[in-house]
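Peer 1: First the structure, then my questions, so here it is.
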Amino acid sequence: MIKKRKIPPAEIPTASMADIAFLLLLFFLVATVIDVDTGIGLTLPEYVEEIEEVQVSKERMAAILINENGDVLVDGAPTSVFKIKDNLKPRILSKIELPNNKKLIVSVKTDRRTNYNIYIQALDQVKEAYFEVRDEYANAQHGNRFNDLRIEQQDEIKEKVPIIISIAEPEAVQK
Amino acid sequence: MRFEKKRAGTKTEIPTASMPDIVFMLLLFFMVTTTLREVDVLVDYKLPEAKAIEKIENKRLVSYIWVGKDKRMQVNDSLVKLEEIQSIMYAKRQELPNIIVSLRIDKGSDMGLVTDIQQELRKAFCLRVNYSATIKI
């Protein structure tokens, strides 16, 4: 009698299957972008029925006016939107050591027909000026960028360089 | 006389070792294709670009107002009128006292409209706003 040769059972190797799945999982984990909200933050003033006028000394104020054509006035002098930052930076820097009630106030005022994009560009310039001053001050004080500092150090710098942006009260429209 | 059925010598099982992997793949597929709590945006808008932008750390606090190219406004899932914003946002603020309002306004809008919305928000005591913008490279 001839002995039949046993045929080994046919199998697909499954040991590496898990690795393939993990690789895929990793790929999607790395490649996924959960969309984060980014934008320019601002705190609006509280709503009041009657506006009381507060006198602020002229050198404390940086008044930015933007008209409907996108022309910009900073303290009465015509300039370009992209120069607002350079204009404000030295003024913020010079007021670092002053007490809080003497720091710079940036006021942004627009016409009703001003384009929103230009307003955002102007606000962006103001924010950028402040951020750069904060970074420079942080570098001088602690030798590091603002974002890399500890929370207490950040608070200290926020105290020294507060961002004060005033959005001008809208005036009644003449119809 | 005995009949015997002829059988194949090999086993006829389906390999089940890879079953969990298939399940994982399916799980992955659905994880990837799912978008979390998508709001149907009914207005057409294009955000402005800016450089000095911040991330909103706490997404739970954020509530959106969309303003489209055609000046239509949307809050939550529906289009609203300017006068309605105050009451809607006030109700939202009562639920979440430190609410952040993210303004997703089309970059071609007029400031008049933006100012009007801001005035409504101020009346509703929603004072923390964020002008949504994409990063400029």
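Peer 1: Which angle between 0 and 90 degrees, to the nearest 10, do you get for helix B:19-33 versus the longest principal axis of chain B when only C-alpha atoms count?
Peer 2: 20
Peer 1: From a point 7 Å beyond the Cα of B:LYS136 in the direction of its Cβ, which residues of the range A:69-93 have a backbone N at a distance under 20 Å?
Peer 2: Correct set: A:69-75, A:78-90.
Peer 1: Sort A:SER57, A:SER94 so the one with the fewest other Cβ atoms within 10 Å of its own Cβ comes first.
Peer 2: A:SER57, A:SER94
Peer 1: Among all helices in chain A defined by DSSP H, which have a length of 20 Å or more along the axis from Cα atoms plus a Kyte-Doolittle mean of at least 0.0?
Peer 2: Helices meeting the criterion: A:17-31.
Peer 1: For A:VAL126, A:VAL48, what ranking results if the residue with the fewest other Cβ atoms within 10 Å of its Cβ goes first?
Peer 2: A:VAL48, A:VAL126
Peer 1: Please rank B:PHE30, A:PHE28, B:PHE24, fewest neighbouring Cβ atoms within 10 Å first, as an exposure proxy.
Peer 2: Ranking B:PHE30, A:PHE28, B:PHE24 by Cβ neighbours within 10 Å, fewest first, gives B:PHE30, A:PHE28, B:PHE24.
Peer 1: Right, another one. Just to verify a number: FRET efficiency for B:LEU96 and A:GLU49, C-beta to C-beta distance, R0 = 22 Å, to 0.05?
Peer 2: Using R0 = 22 Å, I get an efficiency of 0.30.
Peer 1: Between A:ALA168 and A:ASP71, what length comes free when the chain is fully extended (0.36 nm per residue of separation minus the Cα-Cα distance, one decimal in nm)?
Peer 2: Length gained between A:ALA168 and A:ASP71: 33.2 nm.
Any read-out appearing in this document is the output of simple, stated calculations on the displayed coordinates, not a laboratory observation. As the structure is a computational prediction, the values presented were derived from the model and not from experiment. Please note: Cβ atoms are built from the backbone with ideal geometry, for glycine as well, and neighbour counts cover all protein chains shown.
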